[in-house]
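Notes to accompany the following structure.
What follows is calculated from the coordinates using simple rules that are stated; it is not laboratory data. Because the structure is a prediction, the values reported are computed rather than measured. As a convention, Cβ positions derive from the backbone with ideal geometry for all residues, glycine included, and neighbour counts pool all protein chains shown.
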Amino acid sequence: MTDANEAMLVCMRGIWKQFGPVIANQGVDFDLKPGEIHALLGENGAGKSTLMRILYGLYRADAGSIAVGGAEVAIHSPRDAIALGIGMVTQHFALVPPLSVAENIILGQERGLRLDLRTAEGKVASAAKRFGLSVDPRARVRDLSVGQRQRVEILKVLHRNARVLILDEPTAVLTPQEIEQLFETLLRLKTEGVSVVFISHKLHEVMRITDRVTVMRAGKVVGTTATHQMSPSELARMMVGQTIVGVSKPPRTGQGSVVLKLEDVWANDDKGVPILKGVSLEVNTGEILGIAGVAGNGQTALSEVLEGTRPSTRGRMWVCGKDITNASPDQVMQAGVGRVPEDRHESVIDEMTVAENMAIEHIDEFSRFGLLRHAQIRQHAERLIAEYQIKARPNDRVRTLSGGNMQKVILARVLERNPRAIVVSQPTRGLDISATEYVHGKLLEQRQKGAAVLLISEDLDEILKLADRVAVIYNGKIISVMPAEEANPERLGLLMAGVH
Amino acid sequence: MGLKLERQAAPVWVQPLLPVLAIVLTFGLTSVFVLLAGANPLRAYYHFLLEPLSSRVSLLEMLVKATPLLLTGIAVAFAFRGGFWNIGAEGQFLAGATAATAIGMSMHGMPALVAVPLMALGGFVAGMAWAFVPAVMKVELHADEVVTTLLLNTVALLCVSALLNGPWRDPISQWPQSPEIASTAILPKLVPRSRLHLGFLFAVFVVLVVGFILTQTTLGLRMRAVGLEPKAARFAGVRVERTLLVTALVSGGVAGFAGMVEVAGIHYRLIEAISGGHGYTGILVATLGNLSPLGVVLSALFVGLIDIGSQTVSRALGVPVYLGDVIQATLLLVTLAVLLLQNYRLSWRRGGAL
């Protein structure tokens, strides 16, 4: 081991981790100095959380080594990590709501038979004061706000004498004021010699608080540098990568007319909290409008509202002048909208056959007097299977198909109707390169045929490759729409992070 | 180190073997009770399973026992396939039996061609009505139908009891049983000197119709889609609520029809024990038959066989008749466990975390 490595508190080398067909970490190296705040920056699915879950013992790496304080270690469980002075606050807190703050903090740490709660409360109170984590040790956790609960989680880690504190997207659940408090705490921890790993995809936070930054993309480390040497746009470019040109986009044929129109559309999530907050959009014939954004900013609700599976609470929507506000799925289809949703398993029925799934959206056309015409359903499936090169037989159950073939079944079902508008959401998520290229080719083909395509994707490369115009969604609102020529990763990356 | 359950579906060829496995396991488990009753398990199972098949009388009696189970079994299977967890076939059966009795009692002087169809219709509609309430509560209020249908079973039984101890009490014997239905409303015998009646053919016909609906109609396709994946079905344009309602009504109707068949084919009057749990046994039959019409036929016959067998074994070896009930109950539990476990794989894991 070299001198440079000995100065490091944590040294991860060549970490590999695979989940089924997905490689989450491909030979990742990561170093952490004592007393630094180190950002782990990357898009969703870049592998940041996986890497830190390996360090904390929640996952086990398939290959690679970890050294803490210069000595190689094997971390099999969080218990091992805690013994090494590593603590993590995940996005889902592990607190017991009916217990008090102090009880939660000493839980699992109590020694002997007698529980000396008074002393514990005193220790918690003094630690809370020292790190600026204002929280009453006697308060019940169930009465605390999300921000306060996060402080309890941090105190729990510190109580176990952690030298390393890992925070997974800590600001996602906080108000701006709470974020300020958190940052103050982190700076104090730094002066006490605690190292902090700050997992985030928010550029401005990374710029403000961290000393060094490691950028990850698609399971690999793009680079590690001192934060002050980078500009936000440089980091954004590192994070989202360069546009890779595969299928090429032919020029648009003339200016189209409006096909799909949304005006001030609002919708609530399942808990009744507004998730879409006044979306207005227009998509024209022969155009692909890309919706870029970080996951969880309302994309899912937007596609569901258009698919007819989620009611809107305000606003109106039209397809070719026909009002489809709060229309049912079959009315939306009748109006000429083709739908390729985000979750493939919510649009096909896994236990039914390919042929049944291909026919079910328009089952009345495959029946007479309520009786199914099996021969016609089968021929229809055979035709689509040949036309879309699907590796399946009509009577195969859909669950036996690969992700790519499943997506082709959905695409075939939608595209053969020549829809006037197509709503596609994350169309290539989890697909390999050839299947991705195929899907992109088909979407461009529809655009050439004059369809209006609304493409919702978290994959910026995909949006930059396909879209004629790009809109950015942030916090349930479209905060910017620009022609594709003016869009680039830096600009979009900043907008996606909420920086205007 | 330790045993670990992993989620992994069993291969397709295993599926038809599962009921057989369940039956074998059940006999293994219940042999303990046979031994406790002081009999040799192998001899007991001979009397249970093989002896009834060797005589004409008990063979026909097996079909008699299977008749209501075919109907309640297919009613439950139909509901379960469509995602409506109907535990209320018992109540729907009683509602159907009551309505059929009411009609049958007023059919004196009417020809059979009028009386029987009217009773059948009455039984079906009453069963539908009994299923309608929980179905609407599920669709409109998201009330769990497992609870509501189950609770309505008791309500139905109490209503029957009230009728029999009140207005319908037999004026001659003063027993809590209704007067007899009209003679023309009685289902004719299929085989002389046996109890096998026309209702058996009705039951087979209903099973065929339900099988046809499930596989050959748009309603069947929509129902199956709703049962398998309601979200995807809704996405594909299926009106999920309406489909659930139709599923529940048909299921309740068939269970109610079963009640009519028992009144018109066996008892000719309403008695409190008219069902004796046929609705609940229907759940066993449907589950054991893997919710398929053919499976329901096989399992209804099998459960009918156990019913008869428990009598022959008790005659031959002097063990209690209730052994049959124990076997049926064990069979249900084992079947449910086997159906659940087919989605998992047991594995032995060495070392490491977790």
Signed unit charges on C-beta, dipole axis of segment A:193-349, positive-most listed residue A:H204, A:A226, A:L276: A:A226
Of the DSSP H helices in chain B, those whose Cα atoms cover at least 27 Å axially and whose Kyte score averages -1.0 or more: B:17-36, B:56-81, B:112-141, B:145-165, B:240-262, B:293-317
Coil-residue trypsin sites (Lys or Arg not before Pro) of segment A:420-463, DSSP, other Cβ within 10 Å capped at 13: A:K449
Magnitude of the charge dipole, the protein assembly as shown, Cβ model with Lys/Arg +1 and Asp/Glu -1, debye to 20: 800
Residues B:R242, A:R217 arranged by fewest to most Cβ contacts within 10 Å: B:R242, A:R217
Other protein chain Cβ atoms within 10 Å, averaged over every residue that makes up A:323-333: 2
Cα long-axis angle, helix A:117-130 against chain A (0 to 90 degrees, to the nearest 10): 80
GluC sites (Glu not before Pro) lying in DSSP loop within segment A:140-215, provided at most 14 other Cβ fall within 10 Å: A:E192
Segment A:3-240 - Kirkwood radius from inverse mean 1/r over Cα pairs (Å): 18.3
Cα-Cα pairs of segment B:234-347 separated by more than 19 Å (percent): 62
Placed amide H near A:R314: partners under 5 Å, 5+ positions off or other chain: A:W266
Isotropically averaged projected area of segment A:239-393, using the convex hull of Cα atoms (one quarter of hull area), nm²: 13.0
Share antiparallel - DSSP beta bridges, chain A, percent rounded to 5: 55
Prolate/oblate/rounded call for segment A:266-351, Cα gyration tensor, a/c under 1.5 rounded: rounded
Rounded, prolate or oblate (a/c below 1.5 giving rounded, otherwise prolate when a/b exceeds b/c) for segment A:92-156 by Cα gyration tensor: oblate
Rg in Å to one decimal, and Dmax rounded to a whole Å, for segment B:109-244 via C-alpha atoms: 19.9, 61
Order of A:V164, B:V326 - criterion: other Cβ atoms within 10 Å of each residue's Cβ, fewest first: B:V326, A:V164
Longest to shortest principal axis, alpha-carbon extents of segment B:2-349, angstrom: 73, 59, 34
For the protein assembly as shown, with +1 on Lys and Arg beta carbons and -1 on Asp and Glu, the positive-most of B:T154, A:L302, B:L29 along the dipole: B:L29
Per-residue average of Cβ from other chains inside 10 Å of B:231-243: 6
Scattering profile of segment A:302-437 at q = 0.11, 0.15, 0.16 Å⁻¹ [log10 I(q)/I(0), Debye over alpha-carbon scatterers]: -0.41, -0.76, -0.85
Cα coordinate range in segment A:350-417, projected on the principal axes (Å, largest first): 35, 24, 16
Gyration tensor (Cα) of chain A, equivalent ellipsoid semi-axes in angstrom: 47, 24, 24
Ellipticity estimate at 222 nm from DSSP helix runs (n ≥ 4, -39,500 (n - 2.57)) divided over the protein assembly as shown, nearest 500: -14500 deg cm²/dmol
Cut-off under 5 Å, modelled amide H: who pairs with A:L260 long-range: A:V283, A:C320
Cα principal axis extents for the protein assembly as shown, largest first, Å: 101, 79, 46
Principal semi-axes in Å for segment B:38-183 [√(5λ), Cα gyration tensor, largest first]: 30, 26, 17
Size of electric dipole in segment A:3-240: Cβ of Lys, Arg +1 and of Asp, Glu -1, about Cα centre, debye, nearest 20: 440
About the Cα centre, charge dipole magnitude for chain B (Lys/Arg +1, Asp/Glu -1 at Cβ), debye: 900
Chain A: angle of helix A:403-415 to the longest principal axis, Cα-based, in degrees nearest 10: 40
Angle in degrees between helix A:433-448 and the longest Cα principal axis of chain A, rounded to the nearest 10: 50
Loop-resident sites, segment B:168-239, for trypsin sites (Lys or Arg not before Pro), counting at most 12 other Cβ within 10 Å (DSSP): B:R193
